[in-house]
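**Student:** Would you mind keeping the following structure in view while I ask a few things?
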Amino acid sequence: MKTFNIIIFTVIISLCFISCGQKQSSHTEFALGTVCSVTLFEQSEKSIYNEVFSRIREIENLMSVNIPSSDISRVNAAAGTEPVIVHEETFKVIERALYYAEFSGGAFDLTVGPLVSLWGIGKEEQRIPLRQEILDALPLINWRNVELDRQKKSVFLKIKGMSLDLGAIAKGYAADEAVKIIKRGGVKRAIIDLGGNIVVLGEKKDGSLWNVGIQNPDKNRGDVIGFLQLTEKTIVTSGVYERFFEENNQRYHHLFDPSRGYPAKNGLLSVTLITDISMDADALSTALFVLGYEEGKKLIASLPGTEAFFVFEDRSIIMTDGINFTLTDKTFYIKNIL
């Protein structure tokens, strides 16, 4: 993808596992619109890498809005006209996306496609739309206008001009599928990084936890504010620095508030979710960022086994009490633990 004035950061950057002198191999490809990397420790059979990336390509071919033959492109093309029968797993991801749309009160909305196209962030034609253009697009953004038929596995967008975008959940699904393949192959320790959707399996060779760095929102890729210590978890971050452009000294990022049509602005720089299922973490990190801290913390309180890490514009950090985190950049500070 051409980035032009966009800086695309890998959300959670540093996987600090080299200190133990562990033998490993990695495989990296560009897929799902991002750089995807898988590292297997001690059992690095090529066949496992091949199966993982073949599976990722399958998901991309089904769910990418940039592939005309994908399920999502076909559903979008038929908006307001007729239902479209999709593959079972596409249906599954759409159904889960609708669950999180309802759960978040629409903060996460898979029908945000018209806004994504209008702003064009990450593309050559990126721009600030006219106010009237945004007002015209807003009636098309409503997850309640997605009609599913579970028996037929069909999806219908009720209004012409609507369009789905699974960019905030499909990578998570792909990461979960990669985990299944790796575990089925007998691999006990691995790192999966699908453009910032991280999954850590097992532990370091010495039995210690993995260290996963949280990106400093103000610095270049690889500069971190500190490290999470964890295992057998997925970590997903949504932040203002992932994909954006700047105009008149103002940053316009890709995390849209579906109710307003503009990038969400609520004092947050990033939100990191830590949980067991990457697809859930993917959707939730977006939802919490759009909701903002006060509403977001209420959502997290209702989700046992899910941890959240909020970074604010004033460089403060608030995190849930189940997080094991070491702060290394002292220009940031831990304000509170929920």
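The values are calculated or read from the model by the stated rules, or taken from the named source; none is laboratory data. What you are looking at is a predicted structure, and each value in this text was computed from that prediction instead of being measured. Don't worry about glycine lacking a Cβ; one is built from the backbone with ideal geometry, like all the others, and counts go over all protein chains shown.
**Student:** Just checking, which of ILE169, ILE191, ILE181 is of a type in the set (A, V, I, L, M) and in the same structural domain as VAL38 (by TED's automatic domain parsing)?
**Tutor:** ILE191
**Student:** If you scan the stretch 212-237, which residues turn out to be under 15 Å from the mean Cα position of the chain (by Cα), of a type in the set (S, T, N, Q) and within 21 Å of THR331 (Cα to Cα)?
**Tutor:** GLN215, THR237
**Student:** If you don't mind, there's one more thing I want to ask. Do we find that VAL179 is under 20 Å from ASP257 (Cα atoms), in contact with a helix residue (DSSP H, G or I) (Cβ under 9 Å, 6 or more places away or on another chain) and among the aliphatic types (A, V, I, L, M) in this structure?
**Tutor:** In short, no.
Here's the yes/no breakdown for (1) among the hydrophobic types (A, V, I, L, M, F, W, C); (2) under 20 Å from ILE191 (Cβ atoms); (3) free of Cβ contacts under 8 Å to residues at least 24 places away in the same chain:
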| residue | (1), (2), (3) |
| --- | --- |
| SER270 | no, no, no |
| ALA281 | yes, yes, no |
| VAL290 | yes, no, no |
| ILE323 | yes, yes, no |
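Residue by residue, here is whether (1) in contact with a Leu (Cβ under 9 Å, 6 or more places away or on another chain); (2) over 22 Å from LEU194 (Cβ atoms); (3) among the basic types (Lys, Arg) holds:
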{"position": "ALA77", "(1), (2), (3)": "no, yes, no"}
{"position": "LEU115", "(1), (2), (3)": "yes, yes, no"}
{"position": "GLN132", "(1), (2), (3)": "no, yes, no"}
{"position": "ALA168", "(1), (2), (3)": "yes, no, no"}
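**Student:** Sticking with this one: When you scan the stretch 52-170 for helices (runs of 4 or more DSSP H) that lie fully inside it, which ones turn up with 2 or more residues that are polar (S, T, N, Q)?
**Tutor:** Qualifying helices (runs of 4 or more DSSP H): 71-77.
**Student:** Listed residues GLU89, GLU102; which is closer than 18 Å to LYS158 by Cβ and out of contact with any helix residue (DSSP H, G or I) (no Cβ under 6 Å at 6 or more places or on another chain)?
**Tutor:** The conditions single out GLU102.
**Student:** Then there's this: In the list GLY106, GLY122, which residue meets the criterion of being small (Gly, Ala, Ser), touching a Phe, Trp or Tyr at 6+ places or on another chain (Cβ under 7 Å) and either touching a residue at least 24 places away in the same chain (Cβ under 8 Å) or at positive phi (or both)? Outline the logic, then answer.
**Tutor:** Details: GLY122 fails: touching a Phe, Trp or Tyr at 6+ places or on another chain (Cβ under 7 Å).
That would be GLY106, the only listed residue that is small (Gly, Ala, Ser), touching a Phe, Trp or Tyr at 6+ places or on another chain (Cβ under 7 Å) and either touching a residue at least 24 places away in the same chain (Cβ under 8 Å) or at positive phi (or both).
**Student:** Among the residues of the stretch 269-297, write down those that are in a helix (DSSP H, G or I), out of contact with any Ser or Thr (no Cβ under 7 Å at 6 or more places or on another chain) and of a type in the set (Gly, Ala, Ser).
**Tutor:** Passing the criteria: ALA283, GLY296.
**Student:** Against the definition (farther than 22 Å from ILE134 by Cα and either buried (at least 21 other Cβ atoms within 10 Å of the Cβ) or among the aliphatic types (A, V, I, L, M) (or both)), how does ASP109 come out, yes or no?
**Tutor:** Spelling it out, it is not the case that ASP109 is farther than 22 Å from ILE134 by Cα and either buried (at least 21 other Cβ atoms within 10 Å of the Cβ) or among the aliphatic types (A, V, I, L, M) (or both).
**Student:** Please return the ranges of strands (runs of 3 or more DSSP E) entirely within the stretch 175-268 where 3 or more residues are out of contact with any Pro (no Cβ under 8 Å at 6 or more places or on another chain).
**Tutor:** The qualifying strands (runs of 3 or more DSSP E) are 190-194, 197-201, 210-215, 224-230, 233-239, 244-247.
**Student:** Turning to a different aspect of this structure: Out of (1) among the small types (Gly, Ala, Ser); (2) without any contact (Cβ under 8 Å) to a residue 40 or more places away in the chain; (3) buried (at least 16 other Cβ atoms within 10 Å of the Cβ), the odd one out for GLY213 is which?
**Tutor:** (2)
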